[in-house]
2 protein chains.
Amino acid sequence: MAKRVSHRHSMCGVARPLDAIGDWWSLLIVRDAFDGLRRFGEFQKSLGLAKNILSARLRNLLAHGIMETVPAADGSPYQEYVLTEKGRGLFPLLVALRQWGEDFFFEPDEAHVLLVDRKNGLPVRRLELRAQDGRIVGAEDTMVRLPSA
Amino acid sequence: MAKRVSHRHSMCGVARPLDAIGDWWSLLIVRDAFDGLRRFGEFQKSLGLAKNILSARLRNLLAHGIMETVPAADGSPYQEYVLTEKGRGLFPLLVALRQWGEDFFFEPDEAHVLLVDRKNGLPVRRLELRAQDGRIVGAEDTMVRLPSA
DNA sequence: AGACCATGGTTTCAAACTGAAACCATGCGA
DNA sequence: TCGCATGGTTTCAGTTTGAAACCATGGTCT
């Protein structure tokens, strides 16, 4: 479970997060958690994955501090799985994924789930990346700089 | 390769993109492609993955229209792999991943690669998600709305 | 108490996937 | 012609996946 990328360059800033998340199922679990799901059974029903797999993925998310268990909530003798701060930090990633999906995986007229502002129900804008001076920048406008200097 | 999530609800707006990407390796390939890598050998050296796996992942990325092959460039008799429009659309996702990594996987003083503005070498800002009215919104401020209405 | 059931897992086992290494193919240049 | 660089494919053992069966705990009903 821990040896997916044998950190050859001690794992770059993209590989390390990927390794922590684990796999796609984990990300779908996190998404469901953002949607308010908390119980083992809820995740299982929502995602339709095998219980052993769900169990392993939750364990991994706990181990990486992305989710944590809390004793109960409604008095039932079970525990619930909730996002940690670190887990909630995945929100922009999920939004990016969703917006990419909207752009390239749905016909213009095809109905799809929409991420909307709670305040007024209007769809949110696109994610935007800005430079220090406030310009919106894309891939072409940026580059990675090594730790160095 | 195509049956990772047996689209139970015909696959939501998050699962469908995930399915197309394939796996973590694919995302690392895309990241390398953003960094200018184009050749089979370059990807293999950079990522250190087995050639058969790289071959399979590239095939998958091609099949999903995320990358495409172009005849040559420097006259060599080989093809190069470049991002399509769809592939370039993954930029925000990679940025999200990178920023999450910066937040939770590096010590404050630990050196790490930085995404900078080409124009002036300054680090870019954080990704931001805004509502229609311009407010910056987080997970708590949003919800998903079903196709319905 | 005893039977039953809901929830949340673990175990088992066959099939699929992964990845290291060996092999193959093509197009050079010496 | 030989040798080599590049870009793959094939082979095969080891790992992972996932469906199904099983197990455990605690509550409910009678």
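Read the figures in this text as sums done on the coordinates, not as results from a lab. It should be emphasised that the depicted structure is a prediction, and the values quoted were computed from it without experimental measurement. Don't worry about glycine lacking a Cβ; one is built from the backbone with ideal geometry, like all the others, and counts go over all protein chains shown.
Please list, in order along segment B:128-135, the HN-Hα scalar couplings obtained from phi with the Karplus expression 6.51 cos²θ - 1.76 cosθ + 1.60 (θ = phi - 60°), rounded to whole Hz, x for Gly and Pro.
Result, rounded to whole Hz: 9, 10, 10, 7, 3, 7, x, 4.
How large is the helix-only mean residue ellipticity at 222 nm for chain A, computed as the sum of -39500 (n - 2.57) over DSSP H runs with n ≥ 4, divided by its residue count, in deg cm²/dmol to the nearest 500?
After summing the helix terms and dividing by residue count, I get -11000 deg cm²/dmol.
Put the label 7 Å from Cα along Cα→Cβ for residue A:62; what are its distances to the other copies, in nanometres, shortest first?
4.4
Restricting to Cα pairs below 8 Å that are 6+ residues apart, what does the relative contact order work out to for segment B:15-88? Please round to a whole percent.
Reported as a whole number, the value is 31 percent.
Please state the charge dipole magnitude for segment B:15-88, taken about the Cα centre, from unit charges on C-beta atoms (+1 on K and R, -1 on D and E), reported in debye and rounded to the nearest 20.
That gives a dipole near 140 debye.
Please state the shape class of chain B: rounded when a/c is under 1.5, otherwise prolate if a/b exceeds b/c and oblate if not, all from the C-alpha gyration tensor.
oblate
Enumerate by residue number the GluC sites (Glu not before Pro) in segment B:54-149 meeting two conditions: DSSP loop (anything except H, G, I, E, B), and at most 13 other Cβ atoms within 10 Å of the site's Cβ.
B:110
About its Cα centre, how strong a charge dipole does chain B have in debye, to the nearest 20, once Lys and Arg get +1 and Asp and Glu get -1 at the Cβ?
In debye, rounded to 20, chain B gives about 640.
Just going by the charge dipole of chain A, with Lys and Arg at +1 and Asp and Glu at -1 on Cβ, which of A:28, A:47, A:148 is farthest out on the positive end?
Positive-most Cα among the choices belongs to A:148.
List the distances, in nm to one decimal, from the label point of residue A:51 to the label points of the same position in every other copy, shortest first, placing each label point 7 Å from Cα along the Cα-to-Cβ direction.
Computed spacing set for this position: 4.6 nm.
Considering chain B as a Gaussian network with a 10 Å cut-off on Cα pairs, which listed residue, B:118, B:98, B:31, attains the greatest mean-square fluctuation?
B:118
Roughly how far apart, in whole Å, are the Cα centres of segment A:101-131 and segment A:11-47?
21 Å
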